[in-house]
Amino acid sequence: MAAIFQGVGAAAPLSSSPSNSFDSNKSVFSPPRSFSVVRSDGIVNLNPKGRSAQRLISNAVATKADSPAASSSSKPGHELLLFEALQEGLEEEMERDPRVCVMGEDVGHYGGSYKVTKGLAKRFGDLRVLDTPIAENSFTGMGIGAAMTGLRPVIEGMNMGFLLLAFNQISNNCGMLHYTSGGQFTIPVVIRGPGGVGRQLGAEHSQRLESYFQSIPGIQMVACSTPYNAKGLMKAAIRSENPVILFEHVLLYNLKERIPDEDYICNLEEAEMVRPGEHVTILTYSRMRYHVMQAAKTLVNKGYDPEVIDIRSLKPFDLHTIGNSVKKTHRVLIVEECMRTGGIGASLTAAITENFNDYLDAPIMCLSSQDVPTPYAGTLEEVTVVQPAQIVTAVEQLCQ
Amino acid sequence: MSTAFSAANFSTQSFPLNHTSTTTHDSPLVFAKPTSQFLRSTPKLRLSSFSKLNLSRRSGTVVAVSDVVKQKKSKSTPTLLITKEEGLELYEDMVLGRAFEDMCAQMYYRGKMFGFVHLYNGQEAVSTGFIKLLKQQDSVVSTYRDHVHALSKGVPARAVMSELFGKTTGCCRGQGGSMHMFSREHNLLGGFAFIGEGIPIATGAAFTSKYKREVLKEADCDHVTLAFFGDGTCNNGQFFECLNMASLWKLPIVFVVENNLWAIGMSHLRATSDPQIYKKGPAFGMPGIHVDGMDVLKVREVAKEAIGRARRGEGPTLVECETYRFRGHSLADPDELRDPAEKAHYAARDPITALKKYLTENNLASESELKAIDKKIDEVVEDAVEFADESPVPPRSQLLENVFADPKGFGIGSDGRYRCEDPKFTQGTAHV
C-alpha cells in the first residue's frame, strides 16, 4: 500500500557532511562525529538567541518545492524517495559483498511489499533474494544460521509486527548466541521492516516492536526517518558485525530528499541533530520527527526555540548528543510513537534521569501513544498517536 | 541400497512393516529378525496408555531400513559392515560418550556442575553412527542433550568438561554451559535450550552450503548439516516449517529424530496424533526412514545414504531413530513415570554391548583390545575432570566481552567516547 505522505518536506540538507564513515575493521575507534544537519524546510533560522520574526507557516510539513530557479542537474546528489534510498543502500552493499543476501516474504519476484527490494531478484537471482514461505520464526532462524556460517543476510519482516512470531529466534539466537558461544560465532544479520501506525491498518499491523525488542541483550536497534539516513543506516547495519534491527515506518516510504552520490554511511550509534535550539530538547525518532517539526513551526512562531534531535539509535542511546543538549537547554520532551508503558521513551527517561539529573530544570515529559490497541476508525487512530498540537502544548508547559 | 531411498521408490513401493518379538535382540545385527516397527514390538509397554489405537492397521510406504540392509545379506557368510579400524573407532566414540556422561552425573552430585544437565546414556549409537561419517567442515546442530554430539564431532573432552564446570577454558569460555556447546573449529553450531530453535539454525547452515556452491561458485562445496532433535520437537512448528523449506530448496541437511519416546514425563504416544514420525517426511517431499537407534551399524548405514543424498545435492532426509535414554530427562528428573519393564527392555539393547558383541563375534577385535579402549577412555575422562578442576573460573573482566562482536554496540557514553573505551569495560565493571 502506498503511503500517501508526500507532503513531508525533508528537503536537502544544507550541509551534507556525512558522519565519519566507520570501518568496523579498525581497532581504533573514531572520535565523535559531525552531524548532518537536515532542516525540515528551506528556511534558515540561524539566530540562536531567541525569537526572530518568522512569517507564519500554515502547513509546516508541506514540502517546500525546490526554488523554481534551480534545476536538479545543477545541484549535487540525486533525488529519490525513502524506499528507493533503502533499495539503493541494499543494492550497493550486495554489489560490494557477495555474501550479502536478502530473505523474506515476497522480497524476490514481488519486489517487496513496500518495494524496497524491487528489481533485486532479477539482478542477483532467486537464491540471493530469497522468497520464503510464511514462517517467520524459521526463516529468521535460517538467516541466523546462515550468518553463523559466513553469510550476511538481510531479513525482512513484511510488517515488523510479524516478527513477533520470530521472537524466539531474535531473542535467543540473534541476541544471545554470540555470547553463549563464547564469542565463536558472529551474527551479522540485519532485520528490517516497516512498522508503526499507518493509515487505518488496524491494531495488528500498527505495532511498534522497538519497545518489545529493546531488552534483548546483544542487538542494536536503529530507526530511519529520512532518505538520507535510511540509506546510511541500511549500509552501516549491513556492514556491522553485530545483529542490527532497522525500523522503517509505513508512512515514510514516499519521503523525497536529495542525497549524495558518493558512498556514505550513517553511524549506527549516533543521534541526528535536526534543529539546534536553546529552550527545550525534543527527542524523537521515526515518524514522530515530522510531527515534532510541524509543531516546531508553531513553536517558533510563538517565540520558542526548540532543539530537535532524532535519536536514530534506539539501542544504545547516544548519550553524548543527548547529554550535550540537555546540558544546554535543561528541559527535555520525548515524543515517540511507542506505547507509554515500557516504550523507548520510558527507557530514555530513565537514562537521562540517571545521567543528567543535575542539569534538568523540570521533570522530563514523555509523549507517547496511548496504551491502546490501535483502532481502525480514523478519528480514534488519530487520537492514539501524538499530534503536533499536543507537542506544542507540552513545550509550552515545560517552558513555563 | 541406494534404490530404496530414491524418491521415486519410496513413494511407490510398499514395504511391510515388520514386527519382532522381544527376545531376539541379543544379536541385533543378525538380519533374519529385523527391527520392529517399534510401536508393535512391545504392545504391552507402549499401548497401555492408548489402548484404542490399533496400530496394526497402519501401513506406511516408507522403508524400514532393516529391509534394505537385509537385501545385502548373503546366506553363507555374514557380510561385514565395517572394517576393524572403523569398528574400533565407533566403539571408542560410544564408550567415550558413555563414560563422559557417567562422569557428568558423578560431578553433578558432587557439586561441580549445576543447572540443567541432560545426559545421553543409551543414545550413543545415534551420535556415533551419524557424526563419525562427517567431515570437519560439515555442521552439527544439537539440543540441550549435546555433550555427546560435541564429543563425537571432535570437541575435546577437556573443553566440554571445563564448560560444564563453568571454567574459562571451556569451549564457550564458561558462558554457555551444558545446553550451549559450540565449537567453531569443529562446526558444532550448538547446543540450544529451547527445543526446535536449533532446527532453523541447521537449515541456515545448509542454506549457506548451497549458497556457497551456487552463488559464490565454490563448486566443490558439499558441506552437509545434521540437525538432531527429539520426539517432542516433532510436534513443534519450527520442525515442520524447516522440513518444508529444506525440501523446497533441496538443502543439504539431514533431520535426525532421536525418538526416545519421552519428553520429560510426556510419552510420545500421549503427545502425538500420528506417532510415526518418519512418515512426516514424505508429506514434505523427502524420504522418511525409520531405523533402530540402539544399533550403531544400522544407524550408520542409514546415515551413509542420507548424508550421501545431501552431498549429491538431492535434498534432505528425515531419519527417525528409535532409541532410549537410560537416565532421566535431566539429572533433576526423578524418572518415576517410565515403566521399569520398558527400561529393562532397552537396557538389554545397550548399543555398546551390541557393538562389542558384533566385534568379538566377527573377530574384528579381541576382548583385550576393547578393554584397552575402555581403559584409555577412562583416562581421557579423568584427565578431562582434572583439567576442568584446575582451570580458572572466568574473571570479572570477561563479563562484557562477548555481548557484541563489535563492542561499539554498547553505544556512546555521555563523555562522547564509546563505552567500550571505558577502562571499566575491560574490567567488567562498567555500567552498560
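Values quoted throughout were computed directly from the atomic coordinates according to the rules given, and no laboratory measurement underlies them. What you see is a predicted model, and the numbers here were worked out from it, not measured in a lab. Counting neighbours? That spans all protein chains shown, and the Cβs are built from the backbone with ideal geometry, glycine included.
Just to check I understand the Karplus step: with θ = phi - 60° and J = 6.51 cos²θ - 1.76 cosθ + 1.60, what whole-Hz values come out for region A:148-153, glycine and proline as x?
Calculated HN-Hα couplings, in order: 5, 9, x, 8, 10, x Hz.
What is the set of long-range amide H partners of A:Leu367 at a cut-off below 5 Å, with H atoms built 1.01 Å from backbone N?
Distant-sequence amide H within range of A:Leu367: A:Ile334, A:Val335, A:Glu336.
Over the residues of region A:256-306, compute the C-alpha Rg and express it relative to 2.2 N^0.38 Å. Please list the in-between numbers first.
On the way: Rg = 13.6 Å, N = 51, 2.2 N^0.38 = 9.8 Å.
Computed over Cα atoms of region A:256-306, the ratio equals 1.38.
List every residue whose amide H lies under 5 Å from the amide H of B:Phe326, counting only residues 5 or more places away in sequence or on a different chain, with H placed 1.01 Å from N in the peptide plane.
Placed amide hydrogens put B:Asn121, B:Gly122, B:Gln123 under 5 Å from B:Phe326.
Which order do the peptides B:213-221, A:321-329 take when ranked by the mean count of other beta-carbon atoms within 10 Å per residue, highest first? It would help to have the intermediate numbers written out before the result.
On the way: B:213-221: 13.1, A:321-329: 21.6.
Ranking the peptides B:213-221, A:321-329 by packing returns A:321-329, B:213-221.
For A:Val102, which sequence-distant residues (separation of 5 or more, or a different chain) have an amide H within less than 5 Å of its own amide H, given hydrogens modelled in the peptide plane?
Result for A:Val102 returns A:Val129, A:Leu130, A:Val154.
Treating only the Cβ atoms of Lys and Arg (+1) and Asp and Glu (-1) as charged, compute the dipole magnitude of region A:224-367 about its Cα centre; round to the nearest 20 debye.
Working: 16 positive and 19 negative charges, 89 e Å.
Approximately 420 debye in magnitude.
Starting with the highest mean, order A:227-238, B:167-178 by the number of other Cβ atoms within 10 Å, averaged over the residues of each peptide. Before the final figure, lay out the partial values.
Values: A:227-238: 27.9, B:167-178: 22.7.
Per-residue mean Cβ counts within 10 Å order the peptides as A:227-238, B:167-178.
Which whole number gives the average count of other chain Cβ atoms within 10 Å of the Cβ atoms across peptide A:181-194?
For this peptide, the per-residue mean of nearby foreign Cβ atoms is 5.
Assuming R0 = 51 Å, what is the FRET efficiency of A:Glu204 and B:Lys304, from their Cβ-Cβ distance, to the nearest 0.05?
0.60
Using only atoms on other chains, find how many Cβ atoms lie within 10 Å of each Cβ of peptide B:165-176 and report the average.
Working: counts 0, 0, 0, 1, 0, 1, 3, 7, 6, 1, 7, 7.
Mean partner shielding for this stretch: 3.
Which whole number gives the average count of other chain Cβ atoms within 10 Å of the Cβ atoms across peptide A:313-320? Let's see the in-between values first.
Numbers: counts 3, 0, 3, 10, 4, 5, 7, 8.
So the per-residue partner count for this stretch is 5.
Using the Cα centre of region B:365-423 as the reference point, and only Cβ charges (+1 on K/R, -1 on D/E), how large is the resulting charge dipole? Debye, rounded to the nearest 20.
Values: 7 positive and 15 negative charges, 107 e Å.
So the dipole magnitude of region B:365-423 works out to roughly 520 debye.
Just the Cα atoms of region A:252-400, one point each, no solvent: what log10 I(q)/I(0) does Debye give at q = 0.16, 0.20 Å⁻¹?
Scattering profile of region A:252-400, log10 relative to I(0): -0.87, -1.29.
Compute and list, largest first, the equivalent-ellipsoid semi-axes of region B:283-432 from the alpha carbon gyration tensor, each √(5λ) rounded to a whole angstrom. Working shown, then result.
Values: eigenvalues 437, 136, 74 Å².
They are 47, 26, 19 Å, listed largest first.
In the structure displayed, which of B:Lys132/B:Lys356; A:Lys231/A:Lys328; B:Lys217/B:Lys408; A:Lys235/B:Lys424 lie more than 23 Å apart, Cα to Cα?
Values: B:Lys132/B:Lys356 17 Å; A:Lys231/A:Lys328 31 Å; B:Lys217/B:Lys408 34 Å; A:Lys235/B:Lys424 31 Å.
Cα-Cα > 23 Å for A:Lys231/A:Lys328; B:Lys217/B:Lys408; A:Lys235/B:Lys424; rest within.
Of B:Lys210/B:Lys250; A:Lys118/B:Lys210; A:Lys122/B:Lys250; B:Lys84/B:Lys357, which sit over 18 Å apart, Cα to Cα? List each step's numbers first, then the result.
Numbers: B:Lys210/B:Lys250 9 Å; A:Lys118/B:Lys210 24 Å; A:Lys122/B:Lys250 21 Å; B:Lys84/B:Lys357 13 Å.
From the list (B:Lys210/B:Lys250; A:Lys118/B:Lys210; A:Lys122/B:Lys250; B:Lys84/B:Lys357), the Cα-Cα distance tops 18 Å for A:Lys118/B:Lys210; A:Lys122/B:Lys250.
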